[in-house]
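Participant: The structure follows.
The values are calculated or read from the model by the stated rules, or taken from the named source; none is laboratory data. Given the structure is predicted, the values throughout are model-derived calculations rather than measurements. Methodologically, a virtual Cβ is constructed for each residue, glycine included, from the backbone with ideal geometry; neighbour enumeration extends over all protein chains shown.
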Amino acid sequence: MLKIHAVNAFQDNYIWLIQAEHSQQVLIVDPGDATPVLNTLDTLGLIPAAILITHHHADHVGGITELLSHFSVPVYGPVQERIPHITHPVSDQDEIELDPLFPSIKVFDTPGHTAGHICYLTENKLFCGDTLFAGGCGRLLGGTASELFASLQRLKQLPGDTQIYCAHEYTQANLRFAKAVDADNQALQQRIDAVADKRKHHLATVPSLMADELATNPFLRCDTQAIKKAAERFIGRPLNSSEAVFTTLRRWKDQF
C-alpha cells in the first residue's frame, strides 16, 4: 500500500510524494518548487526514486533543476511537451515499472489544459495535474474544449473508489460555481458543507473520490438534464450534445 504525502507550494499547489511500502523511497509528482520538497524529504527521511511530470507549466516543473542537483533520478514526462531534464518521455498506455517496491504506473494522455498533458494511475490513485480538479477541471491553456471533454470522459470511467490527487486547492471556488450550475443537487450541498468545515480547520480537501466527482462535479455531468438546462440558460440557446454543454460550462466558469 502506497503512502502519499502532500507538500504545499506557492499559494495553493500540492506537490505529491508517493512513498513505497516498507521503504523510504518516494516518487515526486510535479515539483514546481524544490525548497518545500527538500524540506519534507529531510524532515521525513525520504529518498527520491524518480520525478513524474504531468505538463510543462512552471508551477509544476520549476523545481526539477534544483532537485537534480541533489539527486540523480530519472524524470518522466509527456512526450508531446518540451520540458527540460525529461529523461523518459511517456505517452498513452505506457506502463512505468520503476522498482519492485513500487506498483506499475499507467500513463493516460489527457490533453485539454495543455496540448500534451498526461496523468498517472497507480493502485487506485490518479495523479491528474490540472486536468481534473475536486469539483472542477482545468482551464484551456493550450488545448481545446473538445480535447478536455474527451479526456474527462475517459477519466470518469475509472472506478468510483479511485482517489483523485489533483495539483491545486481550488475546491471551494469550484464548488461555488457548481452550486450556481446545479443548485438543487443535495449531494453537492453536503459536499460544500464538508469542504467548508475542512478549510475552516486548514485541512486539505484532496484527494477526492471519483464517486464524489461523478455526483457533484458539473464538468463530469454534462449528460444530465439539470446541467444541460443550466448551460442552455447561460448561453441562451439549445445545446445538442454533452460536448457543447461542457464547452459552455467551461466558458461560464472562466467568467464566473
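Participant: Enumerate the pairs (first residue in region 225-244 and farther than 15 Å from ALA178 by Cα; second residue anywhere and among the acidic types (Asp, Glu)) with beta-carbon separation below 8 Å, excluding pairs fewer than 6 apart on the same chain, so at least 6 apart or on different chains.
Facilitator: Between residues of region 225-244 that are farther than 15 Å from ALA178 by Cα and residues that are among the acidic types (Asp, Glu), the close pairs are PRO238/GLU232; LEU239/GLU232; SER242/ASP223.
Participant: Among residues belonging to region 1-45 that are among the hydrophobic types (A, V, I, L, M, F, W, C) and at pLDDT below 95, point out the one that is nearest to ALA58 (Cα to Cα).
Facilitator: By that ranking, first place goes to ALA20.
Participant: Could I ask something else about it? Within 30 Å of VAL195 (Cβ to Cβ) and assigned to a loop (DSSP other than H, G, I, E, B): is that true of GLY160 in this structure?
Facilitator: When the stated conditions are applied, GLY160 passes them.
Participant: Within region 66-95, can you find the residues that are in a loop (DSSP other than H, G, I, E, B) and not polar (S, T, N, Q)? So that I can check it myself, show each step before the final result.
Facilitator: Here is the first cut: in region 66-95, the ones in a loop (DSSP other than H, G, I, E, B) are 71-74, 79-87, 91-94.
Listed by number, the residues that qualify are PHE71, VAL73, PRO74, VAL79, GLU81, ARG82, ILE83, PRO84, HIS85, ILE86, ASP92, ASP94.
Participant: Look at region 45-70 and say how many of its residues are farther than 25 Å from HIS117 by Cα and either surrounded by 15 or more Cβ atoms within 10 Å (Cβ to Cβ) or out of contact with any Leu (no Cβ under 8 Å at 6 or more places or on another chain) (or both). Break it down stepwise before answering.
Facilitator: The initial filter retains those residues of region 45-70 that are farther than 25 Å from HIS117 by Cα, namely 45-47, 69-70.
With the extra rule that they be either surrounded by 15 or more Cβ atoms within 10 Å (Cβ to Cβ) or out of contact with any Leu (no Cβ under 8 Å at 6 or more places or on another chain) (or both), the set shrinks to 45-46, 69.
The number of residues fulfilling the criteria is 3.
Participant: Can I ask one more? For region 161-174, check the following and say yes or no: at least one residue is of a type outside the set (A, V, I, L, M), surrounded by fewer than 15 Cβ atoms within 10 Å (Cβ to Cβ), modelled with pLDDT of 95 or more and closer than 30 Å to LEU27 by Cα.
Facilitator: At the first step, the residues of region 161-174 found to be of a type outside the set (A, V, I, L, M) are 161-163, 165-166, 168-172, 174.
So of that shortlist, the ones also surrounded by fewer than 15 Cβ atoms within 10 Å (Cβ to Cβ) come out as 161.
Filter once more, so that each one left must be modelled with pLDDT of 95 or more: 161.
Checking which are closer than 30 Å to LEU27 by Cα leaves us with 161.
The answer is yes, given that some residue of region 161-174 is of a type outside the set (A, V, I, L, M), surrounded by fewer than 15 Cβ atoms within 10 Å (Cβ to Cβ), modelled with pLDDT of 95 or more and closer than 30 Å to LEU27 by Cα.
Participant: Only one of (1) closer than 13 Å to PHE133 by Cα; (2) in contact with a helix residue (DSSP H, G or I) (Cβ under 6 Å, 6 or more places away or on another chain); (3) in contact (Cβ under 8 Å) with a residue 60 or more places away in the chain; (4) not in a loop (DSSP other than H, G, I, E, B) fails for LEU148. Which number is that?
Facilitator: (2)
Participant: In region 1-52, what residues are charged (D, E, K, R) and assigned to a strand (DSSP E or B)?
Facilitator: Across region 1-52, the qualifying residue is only LYS3.
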